[in-house]
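What follows is one structure encoded as structure tokens, with my remarks underneath.
What follows draws every value from the coordinates through simple rules; no lab data is involved. Keep in mind that what you see is a predicted model, and the values were worked out from it rather than measured. Cβ placement follows ideal geometry from the backbone for every residue including glycine, while neighbour counts extend to all protein chains displayed.
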Amino acid sequence: DMKVTQMPRYLIKRMGENVLLECGQDMSHETMYWYRQDPGLGLQLIYISYDVDSNSEGDIPKGYRVSRKKREHFSLILDSAKTNQTSVYFCASSSQGEQYFGPGTRLTVL
Amino acid sequence: QQKVQQSPESLIVPEGAMTSLNCTFSDSASQYFAWYRQHSGKAPKALMSIFSNGEKEEGRFTIHLNKASLHFSLHIRDSQPSDSALYLCATNTGANTGKLTFGHGTILRVHP
């Protein structure tokens with residue numbers, strides 16, 4: 001069964017702290033994504049990765065960076081988190097256009 | 001930049017009704033059109049997709065695409081309470097970057 005995993009599922013951080021969100025997939029998909037979802041705003045693309053060390057900014061990359069050192073693993077990093085980065089973060093991987101989403105990480109920045 | 005808009009924002013229908021959700025897009029070179037469904041607290045999941053003009057039916061769900069009108073839609077026949085969810089439409093850009101642009105979603109509630 002194809003699967004995308006995310007860790008942690010819930011996270012509370014203080015403003016200014018660093019945040020690491022991790023994503024894994026077992027489908028050997030080349031392309032992976034990080035989105036954030038806020039009420040009424042749909043899914044906003046933060047970064048897209050086409051393969052190991054081949055990353056590209058999405059629509060809202062400011063305040064975020066990513067790392068992909070293995071095809072099956074894609075990390076999202078927030079250096080010095082801000083309160084407006086409180087959101088639900090989804091990772092996804094894709095094949096033939098269809099995207100497969102992880103269960104999400106609910107991040108709260110106090 | 002691709003713009004995707006959905007209507008209505010929310011919808012309440014009785015069980016057994018036909019439900020119609022709409023999506024408009026701005027990039028006439030788009031090639032992939034999809035609907036994703038997201039139950040409360042869960043991940044979005046692909047429901048149906050279409051690549052060329054026309055209709056595609058899978059069970060109670062039908063997707064219809066009209067590229068000339070920059071419009072596609074999802075129709076749910078015999079709506080069930082389990083269909084209650086956030087529905088997101090998505091399309092790619094003509095540049096084939098692998099990016100999808102999602103609409104803001106339609107919240108559907110089907111009441112028994």
Quiz item: Which one of B:Arg77, B:Arg37 is of a type in the set (Lys, Arg), within 14 Å of chain A (Cβ to nearest Cβ) and under 22 Å from B:Pro8 (Cβ atoms)?
Solution: B:Arg37
Quiz item: What is the number of the single condition among (1) surrounded by fewer than 19 Cβ atoms within 10 Å (Cβ to Cβ); (2) within 20 Å of B:Arg109 (Cβ to Cβ); (3) in contact (Cβ under 8 Å) with a residue 40 or more places away in the chain that B:Lys42 does not meet?
Solution: (3)
Quiz item: Restricting to the range B:45-67, what's the tally of residues that are away from chain A (no Cβ under 12 Å), more than 17 Å from B:Thr19 (Cα to Cα) and either in contact (Cβ under 8 Å) with a residue 12 or more places away in the chain or crowded, with 18+ Cβ neighbours inside 10 Å (or both)?
Solution: 4
Quiz item: From the set of residues in the range B:72-92 that are among the polar types (S, T, N, Q) and within 18 Å of A:Ala92 (Cα to Cα), which is surrounded by the most Cβ atoms within 10 Å (Cβ to Cβ)?
Solution: B:Thr91
Practice problem: Check the range A:65-85 and report whether any residue there is farther than 21 Å from B:Gly98 by Cα, under 13 Å from the mean Cα position of the chain (by Cα) and of a type outside the set (A, V, I, L, M). | Solution: yes
Exercise. Only one of these is away from every other protein chain (no Cβ under 12 Å), loosely packed, with under 15 Cβ neighbours inside 10 Å and part of a strand (DSSP E or B): A:Leu11, A:Leu20. Name it.
Key: A:Leu20
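Yes/no matrix, rows are residues, columns are (1) part of a strand (DSSP E or B); (2) out of contact with any Lys or Arg (no Cβ under 8 Å at 6 or more places or on another chain):
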position: B:Ala34; (1), (2): yes, yes
position: B:Arg37; (1), (2): yes, no
position: B:Met48; (1), (2): yes, no
position: B:Thr62; (1), (2): yes, no
position: B:Ser69; (1), (2): no, yes
position: B:Phe72; (1), (2): yes, yes
position: B:His75; (1), (2): yes, yes
position: B:Ser82; (1), (2): no, yes
position: B:Tyr87; (1), (2): yes, no
Self-check item: Matching residues in the range B:25-39 - criterion: being farther than 19 Å from A:Tyr100 by Cβ and surrounded by fewer than 17 Cβ atoms within 10 Å (Cβ to Cβ)
Solution: B:Ser26, B:Ser28, B:Ala29, B:Gln31
Practice problem: State the number of residues belonging to the range A:23-74 that are assigned to a strand (DSSP E or B), hydrophobic (A, V, I, L, M, F, W, C) and more than 14 Å from chain B (Cβ to nearest Cβ). | Solution: 1
